[in-house]
Amino acid sequence: LLVAILSTSYLAMNPALTTAAHSEFFIEPDSTATTPYPDRLQPNAVTNITLGVSNHEHQSLSYRITVAWNQTTTQSHQLRLANNETQLYPVQIEAPPNPARYRVQFQLYKQNETEPALQTRLWIRVQE
């Protein structure tokens, strides 16, 4: 009986990890704009995008975020999150000078990994 009570007490004080380790990466919609995400910009126009990162890796983790226009990386940002922390990260992007339809890709890398763990994107038309 004593062993059962001690075992139950131990499990209550030290619960097993019930979720798989994972990170989340998303674009936060702009609630103040007429559209939640920019889809058109003038050449060289600047706009703000808010990216969200959530750490559910069961440990503190360093991340790197990159921004690329049509696979040309234009920015790289570093951040560190504690376990179960979510951070909204503002990024300012500038449209290229040439009118066209661009894929703006946001990639999230964990620690020192060379391949992105997660990615998301926007399609933005640059026009006069």
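The values are calculated or read from the model by the stated rules, or taken from the named source; none is laboratory data. Note that the structure is a prediction, hence the values are computed from the model and not measured. Note that each Cβ is placed from the backbone with ideal geometry, even for glycine, and that neighbours are counted across all protein chains shown. Ligands, DNA and RNA are excluded from the accessible area calculation, which covers all protein heavy atoms including side chains. Shrake-Rupley method; radii C 1.70, N 1.55, O 1.52, S 1.80 Å.
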Can you tell me which residue is nearest to ILE65 (Cα to Cα) among those in segment 16-28 that are at pLDDT below 80 and not small (Gly, Ala, Ser)? THR19
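Listed here are the residues, each with its yes/no results for (1) among the hydroxyl-bearing types (Ser, Thr, Tyr); (2) modelled with pLDDT of 95 or more.
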{"residue": "ASP30", "(1), (2)": "no, no"}
{"residue": "THR34", "(1), (2)": "yes, no"}
{"residue": "GLN42", "(1), (2)": "no, yes"}
{"residue": "ALA45", "(1), (2)": "no, yes"}
{"residue": "ASN48", "(1), (2)": "no, no"}
{"residue": "ASN55", "(1), (2)": "no, yes"}
{"residue": "LEU61", "(1), (2)": "no, yes"}
{"residue": "VAL67", "(1), (2)": "no, yes"}
Members of segment 34-66 found to be surrounded by 16 or more Cβ atoms within 10 Å (Cβ to Cβ), in contact (Cβ under 8 Å) with a residue 40 or more places away in the chain, in a strand (DSSP E or B) and of a type outside the set (Ser, Thr, Tyr), listed by number: LEU41, ILE49, LEU51, VAL53, LEU61, ARG64, ILE65
When every residue in segment 74-105 that is small (Gly, Ala, Ser) and more than 16 Å from SER62 (Cα to Cα) is compared, the one most open to solvent (accessible area, probe 1.4 Å) is ALA100
Criterion first (out of contact with any Asp or Glu (no Cβ under 8 Å at 6 or more places or on another chain) and open to solvent by less than 40 Å² (accessible area, probe 1.4 Å)) does LEU108 satisfy it? yes
If a residue counts only when it is of a type in the set (Val, Ile, Thr) and without any contact (Cβ under 8 Å) to a residue 60 or more places away in the chain, which strands (runs of 3 or more DSSP E) contained entirely in segment 70-115 have at least 2 such residues? 72-81, 86-94
